[in-house]
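Everything on this sheet refers to the single structure shown next.
The values are calculated or read from the model by the stated rules, or taken from the named source; none is laboratory data. It should be emphasised that the depicted structure is a prediction, and the values quoted were computed from it without experimental measurement. Positions of Cβ are backbone-derived with ideal geometry, glycine not excepted, and every protein chain shown enters the neighbour counts. SASA here: full protein model, heavy atoms, side chains in, ligands and nucleic acids out. Shrake-Rupley method; radii C 1.70, N 1.55, O 1.52, S 1.80 Å.
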Amino acid sequence: MERVCVLGLGYIGLPTASLLATKGFSVLGVDVDPDVVGTINRGDIHIVEPDLDILVKAAVQSGSLKASTEPAAADIFIIAVPTPFKPGHIPNLEYVDAATHALAPHLRPGNLVILESTSPVGTTERIRELVAQARPDLFTQGKPSDRDSQIFFAHCPERVLPGHILRELVGNDRIVGGVDPGSTDRARDFYRSFVSGEILSTDARTAEMCKLAENSFRDLNIAFANELSVVCDRLSINIWDLIRLANRHPRVNILQPGPGVGGHCIAVDPWFIVHSAPRETRLIRTAREVNDAKPMWVVEKVVESASGLPDPVIGCLGLSFKADIDDLRESPALWITRELLSRRVGRIMACEPNLTRSFKEFPLYDLDSVIKEADILLLLVDHKVFRKIDPVRLREKVVIDTRGIWSSTSSPLQ
């Protein structure tokens, strides 16, 4: 039974660790948060993802999954930690560096180190250099090269959709890129043991760039939809009708606009490309700027609607970055709600059915109370529970629908 150490037990690390634990691996999950470690060791979870609670409980009860704040010796190490950016959209690799330094003392010849965190091009090579500095005994003359490293290093970016992570971890094709051919082969064999999708081999830098390119492609297409929604607002055209009609063209597939772009991937990864080649990325940068500007546009629409109402009550429906999850990372809905609170536009009643009571930043309200009391209903996330709202209850409200689920009851400007 191969031993796997997964560093980072968040939205990717925990599903990966629990899946591997049910596929015949002995897994140690590592997280710096002792509360997260304690929760998992009880067989519970700290994030919302369909069926994850069942998988974690089974893995823990079988003894195949344990959690700790410190790594230990293993055959395979998987780094699945956050890779945010600093002010100025500069990549922040401190979590990757910290994970590398933590695992380095436990490495043994023949071990495989996999970076799954979405990262700027060159990060896998950076990890190898850090290991060489910390463990020169694992390299001939202390220097890493294709010939003399006794450790394998590879990048395999995650490509899963929140809400479908467990299914896509197994079913999606995976890209594997090593710092040398041996590392690529070693990593490919590992993923073949539990992935039913195709394993596509390349080098580490191409694998890193591929994930960034995939998310930048999405960002560009969303930016077109978001910019189109602003244009339609100016021209008094219902954006949802427009997209529905335009998409009847056999070679047109316009995406749906929203209040912005959130999540750790699409809202972040294009900046990694821009940072690496600032002069050559005019289109990618512009798309990011378009999407980053959309939340403020939504705020101004609310301010405009509230200006004619005495003591307006504004119901903000949804805080997560996408439907039916609890992930708040880079969420435009959360940013918009915070901005409305700071501007004191009116009384803000936020509703997010997927968040637990541990959310303490500002009060959350149940859906019925929000619908009953709000003068303005701002739909920010298309959760299933919001889709079930009876349109009759919206007739006396000012409705600003950023997701298009109430397009027949919204103003054509929204």
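Using a Förster distance of 41 angstrom, determine the FRET efficiency expected from the C-beta separation of Val230 and His164, and round it to 0.05.
With R0 = 41 Å, the Cβ-Cβ based efficiency is 0.85.
Of all trypsin sites (Lys or Arg not before Pro) in the stretch 204-271, which ones are in loop regions per DSSP and have a Cβ with at most 14 other Cβ atoms within 10 Å?
Passing both the DSSP loop test and the Cβ count: Arg248, Arg251.
Give me the 1.4 Å probe accessible area per residue for the stretch 1-54, excluding ligands and nucleic acids, in Å².
Ligands and nucleic acids excluded, the result is 40 Å² per residue.
May I ask which residue of Gly88, Ser62, His106 lies farthest towards the positive end of the charge dipole of the stretch 56-126, with charges of +1 (Lys, Arg) and -1 (Asp, Glu) on Cβ and the Cα centre as origin?
Ser62
Under a Cβ-only charge scheme (Lys and Arg +1, Asp and Glu -1), can you give me the dipole magnitude of the chain about the Cα centre, in debye to the nearest 20? Kindly include the intermediate steps, with their values, before the conclusion.
Details: 47 positive and 54 negative charges, 109 e Å.
Roughly 520 debye for the chain.
Within the accessible area of the stretch 1-152, what % is carbon and sulfur when the probe is 1.4 Å and the other protein chains stay in place?
Reported share for carbon and sulfur atoms: 52 percent.
In the structure shown, do any of Lys294/Lys397; Lys23/Lys322; Lys301/Lys384; Lys322/Lys388; Lys86/Lys211 have a Cα-Cα gap over 27 Å, and if so which?
Result: Lys23/Lys322 exceed 27 Å.
With every protein chain kept in place and ligands, DNA and RNA left out, what is the accessible area per residue of the stretch 188-313? Probe 1.4 Å, answer in Å².
On the way: 6500 Å² over 126 residues.
Accessible surface, normalised per residue, equals 52 Å².
Using the Karplus curve 6.51 cos²θ - 1.76 cosθ + 1.60 with θ = phi - 60°, what ³J(HN,Hα) values do you get for each residue of the stretch 372-377, in whole Hz, with x for Gly and Pro?
5, 9, 6, 8, 10, 10
Could you rank Val30, Val392, Val230 by how accessible they are, 1.4 Å probe, largest area first?
Working: Val30 10, Val392 80, Val230 50 Å².
If we order Val30, Val392, Val230 from most to least accessible, we get Val392, Val230, Val30.
How much accessible surface does Phe153 have with a 1.4 Å probe, in Å² rounded to 10?
Rounded to the nearest 10, that gives 0 Å².
Counting other Cβ atoms within 10 Å, which chymotrypsin sites (Phe, Trp or Tyr not before Pro) in the stretch 179-215 have at most 15 and lie in a DSSP loop? Before the final figure, lay out the partial values.
On the way: sites: Phe190, Tyr191, Phe194; in loops: Phe194.
Answer by residue number: Phe194.
Zone of Arg282 (label point 7 Å along Cα→Cβ, backbone N under 13 Å): which residues in the stretch 55-92?
Inside the label zone: nothing.
Find how many whole Å separate the alpha carbon centroid of the stretch 215-245 from the alpha carbon centroid of the stretch 297-341.
19
Ignoring everything but the protein chains, give the 1.4 Å probe accessible area of Lys66 in square angstrom, nearest 10.
Approximately 120 Å² for this residue.
At each listed q (0.17 Å⁻¹), what is the log10 of I(q)/I(0) that the Debye formula gives for the stretch 141-288 modelled as equal alpha-carbon point scatterers?
-1.06
Report the relative contact order of the chain, percent, no decimals, based on alpha-carbon pairs under 8 angstrom and at least 6 residues apart. Intermediate results must be reported in sequence, preceding the final value.
Values: 833 pairs, mean separation 46.6, N = 414.
Once divided by the residue count of the chain, the mean separation gives 11 percent.
Principal axis lengths of the stretch 233-276 from Cα atoms, whole Å, largest first?
Extents along the principal axes, in whole Å: 38, 26, 17.
Dividing the convex hull volume of the alpha carbon atoms of the chain by its residue count, what do you get in Å³ per residue?
Looking at the chain, the number lands at 152 Å³ per residue.
Considering Cα pairs under 8 angstrom that are at least six residues apart, work out the relative contact order of the stretch 1-103 and quote it in whole percent.
Values: 198 pairs, mean separation 33.6, N = 103.
Once normalised by length, the contact order is 33 percent.
When only Cα pairs under 8 Å and 6 or more residues apart are kept, what is the percent relative contact order across the stretch 206-353?
Normalised by residue count, the contact order of the stretch 206-353 is 24 percent.
Quick one: if the Förster radius is 41 Å, what FRET efficiency do Glu125 and Lys360 give, using the C-beta to C-beta distance and rounding to 0.05?
Once the sixth-power term is evaluated, E becomes 0.50.
Assuming a ≥ b ≥ c are the square roots of the Cα gyration tensor eigenvalues, decide whether the stretch 1-126 counts as rounded (a/c under 1.5), prolate (otherwise, with a/b larger than b/c) or oblate.
Verdict is oblate for the stretch 1-126.
Nearest-5 percent of antiparallel DSSP beta bridges in the chain?
DSSP beta bridges in the chain are roughly 10 percent antiparallel.
Using 0.36 nm per residue of separation minus the Cα-Cα distance, give me the extension gain between Arg387 and Ile54 in nm, one decimal.
Length gained, Arg387 through Ile54: 117.2 nm.
Divide by every residue of the chain the summed helix terms, -39500 (n - 2.57) for each DSSP H run of at least 4, and state the resulting mean residue ellipticity at 222 nm, rounded to the nearest 500 deg cm²/dmol. The partial results should precede the final answer.
Numbers: 14 runs with 163 residues, N = 414.
Estimated from H runs of four or more residues: -12000 deg cm²/dmol.
Largest first, how would Asp35, Asp241 line up by accessible area (1.4 Å probe)? Working shown, then result.
Working: Asp35 115, Asp241 65 Å².
My answer, sorted largest first, is Asp35, Asp241.
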